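Here's the structure, in structure tokens; my notes come after.
The values are calculated or read from the model by the stated rules, or taken from the named source; none is laboratory data. These figures come from a predicted structure and were not determined experimentally. Neighbour counts run over all protein chains shown; Cβ positions are idealised from the backbone, glycine included.
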Amino acid sequence: MAAGLYLHIPFCSAICHYCNFNRRLLDESLKARYVDALVSEIRTAPEAGAEVDTVFFGGGTPSLLTPGEVARLLGACREAFDLAGDTEVTLEANPESVSEALLAGYRQAGVTRVSLGVQSFRDAELGRLGRLHSADRARAAVAEARAAGVDNLSLDLMLWLPGQALSDWLESVDALIDLRPDHASLYLLEIYPNAPLRDVMARGGWAVAPDDMAAEMYSQGLSRLDRAGYQQYEISNVARAGRQSRHNLKYWQAGSWLGLGCGAHSTWNGIRWRNIPGAGEYVDRLAEGAKVRTDERALSPVERLEEVLFMGLRLTEGLDLDVIRATHGVDVWGDHGGELERCVEGGLLVHEGGRLALTRPGMLVASEIMMVFIGDAVR
Ligand code: SF4
């Protein structure tokens, strides 16, 4: 399998109340130096020359880059790596920071897929999250993307938001379906311990719905997407035929990817590392010709197997047990069928044709099943 490149763009125009990503407020002069540093990291990567067929600009807010900066970064990728002719080039964008001209510029620079962080089609919910856009701006951004010729468009929605009722969530799902994106991702909001969102919720008296309601939101949202012609291919992702995220499939199919930019993680032929997180220090180190990689280590055979099981089970196609036996020397079903059989009988797993996959109810408790299953399988 060809590898993927992930380019991290850490700048944002404002910091959302729930955000736990590696990001910082936009500083134009630092951004210019950061792009130089990223170009230098790409050009000097020891993995240069490898075959690559996906590039993903993630963040942060990659749509704060100019088309010229995107073209420069992609040019560096093309010079350093063996990019396939049909390379999928995704750029994450925020609705408030795009226009038809900007999106047309990205396309001209080589972007083939845009992922818009809509999160909700209800202004009150967007306000609570600290997002800068409105539902109308999100709709306008979709129209601008289509007018700019973006024919592979993904929209992100978040569920289990503060004060969000089932009907509110379904309103957002319906609004998304009306816009006919090619792909959609549905993420459950996770509120980390010191998130400013906790204060916002306390001040506003907003709570999240009980756990069983989150499960209902997930199931009903996916059913509506099923009926609208989308196919679920991963726990949180649905797509029209042929529009799955090829880049994200590398994470779930235990492929190789190189993370470039501050805080980016990499897994390359069984070796894992991450880059230092601070954008300023990242820029300074590259200017000095110093290393930005840290925590480099080879995955053990058990970790490799865990990765294959844990990530593969996220996909609706599940695990190919024959391939796992051939590549890892483990007979998952033969050795540990008892534990798994109970999950099959409970309607959480399907075991058919040499494959093992989560059912939709199983996806709701995926972490629990994976822990039992993986602990059992690698013992
Ligand atoms: S736009 Fe995204 S990365 Fe930036 S602060 Fe908001 S959630 Fe975080």
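Annotations for the structure displayed:
- Output for segment 66-93, where each listed residue is aliphatic (A, V, I, L, M) and part of a helix (DSSP H, G or I): VAL70, ALA71, LEU73, LEU74, ALA76, ALA80
- Long-range neighbours under 9 Å by Cβ, at least six apart or interchain, first residue in the same structural domain as MET201 (by TED's automatic domain parsing) within segment 8-19, second among the polar types (S, T, N, Q) and within 7 Å of the ligand (Cβ to nearest atom): ILE9/THR61; PRO10/THR61; PHE11/THR61; CYS12/THR61; CYS12/ASN94; SER13/THR61; SER13/ASN94
- SER167 being among the polar types (S, T, N, Q), part of a helix (DSSP H, G or I) and surrounded by 14 or more Cβ atoms within 10 Å (Cβ to Cβ): no
- Answer residue from segment 267-312, given it is touching a strand residue (DSSP E or B) at 6+ places or on another chain (Cβ under 8 Å) and in a loop (DSSP other than H, G, I, E, B) and is farthest from ASP36 (Cα to Cα) among those: LEU299
- Leading residue by the ranking (farthest from GLU69 (Cα to Cα)) among those in segment 1-20 that are assigned to a strand (DSSP E or B), out of contact with any helix residue (DSSP H, G or I) (no Cβ under 7 Å at 6 or more places or on another chain) and within 14 Å of the ligand (Cβ to nearest atom): CYS12
- Restricting segment 90-131 to residues that are more than 12 Å from the ligand (Cβ to nearest atom) and among the basic types (Lys, Arg) leaves a set whose member that is nearest to ASP53 (Cα to Cα) is ARG113.
- Criterion violated by LEU197 - all others in (1) under 21 Å from ARG314 (Cα atoms); (2) part of a helix (DSSP H, G or I) satisfied: (1)
- All positions within segment 21-56 that are in a loop (DSSP other than H, G, I, E, B), hydrophobic (A, V, I, L, M, F, W, C) and within 16 Å of the ligand (Cβ to nearest atom): PHE21, LEU26
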